[in-house]
């Protein structure tokens, strides 16, 4: 019995020694932990909304054909700089020239018929005047005079009909001359050819729908980005807000612009409502090409000279921190508050702070315990494997 008691006492003593050694090792490791620190200082924090869109010229003109035919000549191609009134292409004019020539011949014939009818009218008028005089002198029958008068009236009506026919042929000639002019396709604006939808020898039919032959960007030195912005982010955006974006072709180059318009026409996809926000920007160097995808930031608010900390400081939780302490902190936190940790006597100590404006990198903090120069912990540097530097953000 005494022997068993001695064994138990010995085991308890060993456990005490192991526990003491473990506590000593943990405390020693804690003291050896090296923290990543950030010295709080006044900074400018910009809050922004992220979205994406497509870059396009502010004005894009679709040039079509107003007549059908075979394209015989093409004078421009992709990226061609064009001026207003410049000849872009031609449709084979031969069928249209033939139609105009036929109209001219028809017009000449119609005019000749009018001249012939005028001569006949003049003759029949004289006949009627003569017969009327003879009838009044009882030299001819009344019926003969009436027949002459009827022929005269018919000549007047026929002359009007032939005159109207001349006008109809003249109108047809004008229309066909206009169609002939449409075989030459001119640029309506100054700009650059973005797209060409036709080649020499191709037949276009404009009977049912005007074909788009050319797309002209009126001025690619001034362009816009058409973005799709979620309705949840729309509330803070207003006309004139600064915006920046990058394109995949130049990922390291930031291009600046401003919000020009928020279009009220909604788009709904899978129950998500979004709106089109257009951003104007200068493209004097013509680096951004039509159709490029833009990754956009729209700056909705800004604060200067505020005390801000990296967002990693608000996510930091000391390794092995007592769960009860963390639970008590969570219970104390109010809406719009968070926790940062500072070093006191080499150990992390929590400070509850009020949170202000926030961006993806920094958040404004307000607390009497946090001043310019205060160092907050953003992570852990440790010589021991498995040490963690991040955690959940302690605020609501």
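Taken as a whole, the range 179-193 holds at least one residue that is closer than 30 Å to residue 104 by Cα and free of Cβ contacts under 8 Å to residues at least 24 places away in the same chain.
For the range 342-354, which positions are in contact with a helix residue (DSSP H, G or I) (Cβ under 8 Å, 6 or more places away or on another chain) and either at negative phi or surrounded by 13 or more Cβ atoms within 10 Å (Cβ to Cβ) (or both)? Full working, then the answer.
Let us first name the residues in the range 342-354 that are in contact with a helix residue (DSSP H, G or I) (Cβ under 8 Å, 6 or more places away or on another chain), namely 346-347, 350, 352.
Scanning the range 342-354 gives 347, 350, 352.
Of all the numbered requirements in (1) modelled with pLDDT of 90 or more; (2) not assigned by TED's automatic domain parsing to the domain that holds residue 71, residue 232 misses one, and that requirement is (1). Working only within the range 328-349, note down all residues that are touching a strand residue (DSSP E or B) at 6+ places or on another chain (Cβ under 7 Å), free of Cβ contacts under 8 Å to residues at least 40 places away in the same chain and under 25 Å from residue 33 (Cα atoms). Within the range 328-349, 340, 341, 342, 349 meet the criteria.
Listed by position, the strands (runs of 3 or more DSSP E) inside the range 184-242 whose residues that are within 25 Å of residue 294 (Cβ to Cβ) number at least 1 are 191-196, 212-217, 222-230. Confirm whether residue 268 is in contact (Cβ under 8 Å) with a residue 12 or more places away in the chain, in a strand (DSSP E or B) and either in contact with a helix residue (DSSP H, G or I) (Cβ under 6 Å, 6 or more places away or on another chain) or over 30 Å from residue 190 (Cβ atoms) (or both). When the stated conditions are applied, residue 268 does not pass them. For the range 251-265, a residue qualifies if it is surrounded by 11 or more Cβ atoms within 10 Å (Cβ to Cβ) and under 15 Å from the mean Cα position of the chain (by Cα), and the qualifying residues are 257, 258, 259, 260, 261, 262, 263. Could we say that residue 308 is surrounded by 18 or more Cβ atoms within 10 Å (Cβ to Cβ) and closer than 30 Å to residue 368 by Cβ here? Yes: the conditions hold for residue 308.
Return yes or no: is residue 282 out of contact with any helix residue (DSSP H, G or I) (no Cβ under 6 Å at 6 or more places or on another chain) and farther than 17 Å from residue 57 by Cα? Criteria not met by residue 282.
I'd like the full set of residues that are farther than 27 Å from residue 44 by Cβ and surrounded by fewer than 13 Cβ atoms within 10 Å (Cβ to Cβ), limited to the range 288-305. Answer for the range 288-305, where residues must be farther than 27 Å from residue 44 by Cβ and surrounded by fewer than 13 Cβ atoms within 10 Å (Cβ to Cβ): just 291.
The values are calculated or read from the model by the stated rules, or taken from the named source; none is laboratory data. Everything numeric here is computed off the predicted structure, so don't read it as measured data. With ideal geometry, Cβ positions are generated from the backbone for all residues, glycine too; neighbour counts draw on all protein chains shown.
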